[in-house]
Amino acid sequence: MNNTESRLKAKMKDPESMVIRSFFIVKVNNPSEKTTTIAICGIVDGKNGFGGYTGGTRFMSRSVDRTDTFDTYEVEMEKPNEKRTSESVHMLSSFESVYWNPACVDTEHPALTIAK
């Protein structure tokens, strides 16, 4: 989680104010490659330019756990403007389609769908 936290802080306007509000972990075993893909998905919050917390943004971090190494290769955050635009036209955002649904879905966390 430390690697995810440091990479999220690098994306924040005020890194010292960053708080992970909630998260869950999704593991997918890849027996043929002898690896496990680990996704950490959740809500991160931080202060904006006016000094107030933004209310939270979804994030996704993907790592591969091999027998000899652990490598975080991707950390992405949802862009609030893109989320508002996609909601206004009743579509999934690119974050939801490319990152959240492929990495953060398991039996407890269903895929996001288009609101009708």
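The values are calculated or read from the model by the stated rules, or taken from the named source; none is laboratory data. All values derive from a computational prediction rather than experimental measurement. Accessible surface areas use protein heavy atoms only, side chains included; no ligands, DNA or RNA. Shrake-Rupley method; radii C 1.70, N 1.55, O 1.52, S 1.80 Å.
Some values worked out for this structure:
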read-out: Accessible area of the chain belonging to carbon and sulfur atoms, whole % at 1.4 Å probe; value: 52
read-out: Å² per residue, accessible surface of the chain at 1.4 Å; value: 64
read-out: The chain, relative contact order [Cα under 8 Å, separation at least 6], %; value: 20
read-out: Ellipsoid equivalent to the chain - semi-axes via the Cα gyration tensor, in Å; value: 25, 20, 10
